[in-house]
1. Quick one: in region 100-120, of everything that is among the hydrophobic types (A, V, I, L, M, F, W, C) and surrounded by fewer than 22 Cβ atoms within 10 Å (Cβ to Cβ), which residue is farthest from residue 233 (Cα to Cα)?
2. Can you confirm whether region 110-121 contains a residue that is part of a strand (DSSP E or B) and basic (Lys, Arg)?
3. Taking the options 92, 187, 178, 195, name whichever one is in contact with a helix residue (DSSP H, G or I) (Cβ under 6 Å, 6 or more places away or on another chain) and surrounded by 16 or more Cβ atoms within 10 Å (Cβ to Cβ).
4. Go through 161, 233 for me and flag whichever is charged (D, E, K, R) and either over 14 Å from residue 118 (Cα atoms) or without any contact (Cβ under 8 Å) to a residue 60 or more places away in the chain (or both).
5. Considering only region 202-296, give the helices (runs of 4 or more DSSP H) lying wholly within it that have at least 1 residues that are within 17 Å of the chain's Cα centre (by Cα) and not aliphatic (A, V, I, L, M).
6. In region 125-143, which residue that is out of contact with any helix residue (DSSP H, G or I) (no Cβ under 6 Å at 6 or more places or on another chain), in a helix (DSSP H, G or I) and not hydroxyl-bearing (Ser, Thr, Tyr) is farthest from residue 229 (Cα to Cα)?
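What follows is calculated from the coordinates using simple rules that are stated; it is not laboratory data. These numbers were taken from a predicted model, which means no experiment stands behind them. Counting neighbours? That spans all protein chains shown, and the Cβs are built from the backbone with ideal geometry, glycine included.
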Amino acid sequence: MTDTELPIRAATETAIAHGITPDRCDILQNGSTLVLRLTETLVARVVQDVDGPRQGTEWFARENAIAHHLTGNGAPVIPLHPDLPPGPHEHLGYPMNFWQFVTRVDAEPDPREIGRTLRQCHEIMRRFEAPLPKLAILTESLAILQDRELFPAATQQMLRDHLTRSIDVLNRYPHQALHGDAHMGNLMNTTRGLLWTDWEDTFAGPIEWDVASIIWNAQILEEDHATVQAICDAYGEAGGSIDACALQQSLIGRAAVMTAWYPILYPNPNEERQSRLQRRIDWLQTFTDGACIAVA
């Protein structure tokens, strides 16, 4: 049996149980989550890392709820598939949900369109009434660092300190429903336009968290300040307001979160990933007093 055979079986049997007969099995992504195209329109996302930090279907339940709300209000998102109950589903021990297939286009997204569509999602998510955990990805990352020794002691403590301070500071700002993990990999340029996807990290927090997540690489690793400025300007022109101190603290918190998760997501990182990890750690070490520094 291959590593993917059982989760593929779980997805196909779930689709069949709801009256859909898969006519293909194209693997679109194979990582902690397995993404499968099962018909012309049906895509399954199956959690393979069933022994990882996230157990059960709670995260998928929140993702489905926010995705349903966004789709119903015309947000630029990849929609859940309409021919199955939203779920989340679980079969053979694998949590999963099902989405509509969209066709990617081979063009880099326009930074201004990134800012505009993020603001559009935020405006729609303001009206999401179901309760969400506050600053969930930060509190989860802090718990991971308290339970597991993933780094040398000094680095481990630095990350815990940054996460603790970020939680304290970001709790002072207005909260609303967020994407939670709004990086470029969760944004797809398609024949339907620019669409956001992968909402399992949704939580309540300040909008600056999502802005920081989408600009982090460009701002810190690539020093692509034109792209950062275009995203932030378009977000503001679409009616959003970005607080510079909240954004700076979100950049710090985002770096600490990404660092904490790296050994879990990439237990055997290649040279490029090792370099990116070290650059994040080096950058975080420049912040010792938590002072607010305005950025783009």
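1. Within region 100-120, the first condition is being among the hydrophobic types (A, V, I, L, M, F, W, C), and the residues that meet it are 101-102, 105, 107, 114, 118.
After this cut, where a residue has to be surrounded by fewer than 22 Cβ atoms within 10 Å (Cβ to Cβ) as well, the list is 101-102, 105, 107.
Numbers: 101: 31, 102: 28, 105: 25, 107: 21 Å.
Residue satisfying both the conditions and the ranking: 101.
2. no
3. Numbers: 92 fails: surrounded by 16 or more Cβ atoms within 10 Å (Cβ to Cβ); 187 fails: in contact with a helix residue (DSSP H, G or I) (Cβ under 6 Å, 6 or more places away or on another chain); 195 fails: in contact with a helix residue (DSSP H, G or I) (Cβ under 6 Å, 6 or more places away or on another chain).
Answer to the selection: 178.
4. None of the others qualify; the one that does is 161.
5. 208-216, 244-265
6. 143
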